[in-house]
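Student: The structure follows.
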Amino acid sequence: MANEYKRLYRSVDDRMVAGICAGIADYFDVDPTLIRLLFVFGFFATGSGLFWAYVIMMIVVPEHVPAAQDVVTAEVKEAAPKKK
């Protein structure tokens, strides 16, 4: 059995702005709407602190690439003619 661990990714399927809240919801296995509401309430409670945290997460957290899409991308790169 392989050591499987969770990774935080931005969602590409269930995004409103950048997929951060949906990615956090997937990581913790909760409803994305709950995380979005927590971010909105947190924004008003902390001022602009949570806004900047969201912007930094947009830059740092990678998008989730489904395994099937990753295989297709690799096959397309291999099939492309090489430039001389």
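Student: So if I check each of A74, A53, which one is at pLDDT below 90, surrounded by 11 or more Cβ atoms within 10 Å (Cβ to Cβ) and in a helix (DSSP H, G or I)?
Tutor: Numbers: A74 fails: surrounded by 11 or more Cβ atoms within 10 Å (Cβ to Cβ).
Residue meeting the stated conditions: A53.
Student: Answer yes or no as to whether F28 is at pLDDT below 90, over 11 Å from the mean Cα position of the chain (by Cα) and not β-branched (V, I, T).
Tutor: Criteria not met by F28.
Student: Does V61 satisfy the condition of being touching a Gly at 6+ places or on another chain (Cβ under 8 Å) and of a type outside the set (F, W, Y)?
Tutor: On the way: touching a Gly at 6+ places or on another chain (Cβ under 8 Å): yes; of a type outside the set (F, W, Y): yes.
Taking the combined requirement at face value, the residue satisfies it.
Student: Sticking with this one: Does the range 23-46 include one or more residues that are surrounded by 12 or more Cβ atoms within 10 Å (Cβ to Cβ) and in contact (Cβ under 8 Å) with a residue 40 or more places away in the chain?
Tutor: Yes: one or more hits.
Student: Let me ask another. Give the residue that is nearest to E63 (Cα to Cα), with candidates limited to residues of the range 10-22 that are open to solvent by 50 Å² or more (accessible area, probe 1.4 Å) and either in a helix (DSSP H, G or I) or not basic (K, R) (or both). Let's see the steps before the verdict.
Tutor: Applying the first criterion (open to solvent by 50 Å² or more (accessible area, probe 1.4 Å)) to the range 10-22 yields 12-17.
Still in the list and also either in a helix (DSSP H, G or I) or not basic (K, R) (or both): 12-14, 16-17.
Numbers: V12: 7, D13: 10, D14: 12, M16: 14, V17: 13 Å.
Here the residue is V12.
Student: Would you check if V40 is under 23 Å from E63 (Cβ atoms) and not in a helix (DSSP H, G or I)? Even if it seems obvious, please write down each step before you answer.
Tutor: Values: under 23 Å from E63 (Cβ atoms): yes; not in a helix (DSSP H, G or I): no.
So V40 fails the test.
The values are calculated or read from the model by the stated rules, or taken from the named source; none is laboratory data. Since the model is a prediction, treat every value here as computed from it, not as a measurement. Please note: Cβ atoms are built from the backbone with ideal geometry, for glycine as well, and neighbour counts cover all protein chains shown. What goes into the accessible areas is simple: the full protein's heavy atoms, side chains included, and nothing from ligands, DNA or RNA. Shrake-Rupley method; radii C 1.70, N 1.55, O 1.52, S 1.80 Å.
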